[in-house]
Amino acid sequence: MMRAAAIGTRHRDGGLGWALIFLLVVIGSGCETAQPPVADGDPLPGLSAAELERFQAGSELFNHVFSPAQGLGPLFNENQCSACHTDPAAGGTGEQFLVRAAHRDDAASTCDPLIGQGGDNVRQQATPALQAHGITKEATPAAATVTGRFVVPFLFGLGLAEAVAEATLLELADPDDADGNGISGRAGRDAEGRYARFGHKGEFVSIEAFVAGALLMEMGITSPIHPAEARGTADLPAEADLAADPEVDSTAVARLVDFVRFLAPPPRRVPPDAEARRVVDQGHQLFVRLGCADCHVPRLRTGRSDVRALDRRDVELFSDFLLHDMGPDLADVCGRDASPSELRTTPLAGLGSRRMFLHDGRALGLEDAIRAHGGEATAARVAFDSLSPILQDALIRFLRTL
């Protein structure tokens, strides 16, 4: 089995040639049977009948509109999972933003994410029962000195991302920049010190942790994993919470986890004509040569899994799932284990369906997004700016196929 570091083009020894990288990819994936094409929001090809039933049950719950009597709120952002994860299909992205707050003291080089005080998710809506007490949304914590907003992440392909062995991803980390290439990705850690590959700031260790956290913080729904309401800054009257805790059971959480885990990655948008494909291939080579692939690792391989559709598969998500310092211009709030300027590498799979780019959606075009990269990505940004307009266009056309 090929190592992801070789397939994914993270090279510590001065770089593999493009022809060799291509050869390794072909060799590494040659043992797999061809998979039928999928559309956005489809389940993974190769799921068993029982797994497809679990996917469908999770899909129904993912699209279910929760009411206050079923546990919604009292503070929340949306009343169903697919209210945010809706474009281009359930499990995709949306135009809402998660709002976070933190207390930053740049002079002292300290930052407190104000977890437990509402800083990790400043919720924007309240149920009618809570509004009757004069609370219409969650207030920004009084100690906050900075806020940040975060776009809705794609959920497509996350089961494959979770199936990549932790050792495979940690092999890509280089926190001390031992190879001197200016890139020092490191693993994000949760409150218990476990490697957290999910979340913009590297907060969640698994899809289950992500789902349970979203139920609590996005919809105000408690579960056996988080059995108490997240109170944040608001004083929540007991009578404003209409359902007993926990408001959903472990079966409901498992159904949502199955839906997310079994979502197929988004399809590539490969142009039909040969000349357009040649330009896209040229853009792909530039993506590697400029160093973009050193963080947005094109291809990883999953480990052994009891789910055949996840077992030892090559997956193109274009991320190393590590934290990287992106420079002061992209810095806002901190996370539990991430500084204000550190962000986990966003997977580029699904990029062609996005209308807003970067973690906060500030860029409305791919060129602007590239030019906003700083910190560890400065060299790649400078290299992009040095290209001719024709070559820049080739790289952008490649990105739009993802």
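The values are calculated or read from the model by the stated rules, or taken from the named source; none is laboratory data. Everything numeric in this text was worked out from a predicted model, so none of it was measured. We place every Cβ from the backbone using ideal geometry, glycine too, and count neighbours over all the protein chains shown. Accessible surface is based on the protein model in full, side chains and every heavy atom, while ligands, DNA and RNA are left aside. Shrake-Rupley method; radii C 1.70, N 1.55, O 1.52, S 1.80 Å.
Tabulated data
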quantity: Fluctuation leader among 249, 314, 273 - the chain, Gaussian network, Cα springs under 10 angstrom; calculated: 273
quantity: Estimated distance in nm for a label pair at residue 63 and residue 147, the labels positioned 7 Å out from Cα along Cα-to-Cβ; calculated: 3.4 nm
quantity: Extension reserve of the residue 49-residue 239 stretch, reckoned as 0.36 nm per residue once the Cα distance is removed; calculated: 64.0 nm
quantity: Surface per residue (accessible, 1.4 Å probe) for the chain, Å²; calculated: 43 Å²
quantity: Added length on full extension, which subtracts the Cα-Cα distance from 0.36 nm per residue, residue 379 to residue 124; calculated: 88.0 nm
quantity: Spin-label pair residue 393/residue 225, simplified geometry with 7 Å Cα→Cβ offset, distance in nm; calculated: 4.7 nm
quantity: Point-to-point label distance, residue 176-residue 38, nm (Cα→Cβ direction, 7 Å offset); calculated: 4.0 nm
quantity: Extension reserve of the residue 165-residue 281 stretch, reckoned as 0.36 nm per residue once the Cα distance is removed; calculated: 38.9 nm
quantity: Neighbour net charge for residue 255 - beta-carbon separation under 9 angstrom, K R +1, D E -1; calculated: -1
quantity: The stretch 312-402 - charge dipole about Cα centre, Lys and Arg +1 at Cβ, Asp and Glu -1, debye rounded to 20; calculated: 400 debye
quantity: Equivalent ellipsoid dimensions for the stretch 249-402 as semi-axes, Å, which come from the Cα gyration tensor, largest first; calculated: 28, 23, 14
quantity: Only Lys, Arg (+1) and Asp, Glu (-1) charged, at Cβ; the chain dipole about Cα centre in debye; calculated: 980 debye
quantity: Calculated over the stretch 212-325: convex hull of Cα atoms, volume per residue (Å³); calculated: 188 Å³
quantity: Coil-residue GluC sites (Glu not before Pro) of the stretch 113-199, DSSP, other Cβ within 10 Å capped at 16; calculated: 171, 192
quantity: Euclidean distance of C-alpha centroids, the stretch 139-169 and the stretch 265-317, integer Å; calculated: 21 Å
quantity: Accessible surface of the chain, 1.4 Å probe, proportion on carbon and sulfur as whole %; calculated: 54 percent
quantity: Efficiency of FRET between residue 305 and residue 249 - r from beta-carbon atoms, R0 25 angstrom, step 0.05; calculated: 0.45
quantity: Directionally averaged projected area (convex hull, Cα atoms, the stretch 332-399), nm²; calculated: 5.0 nm²
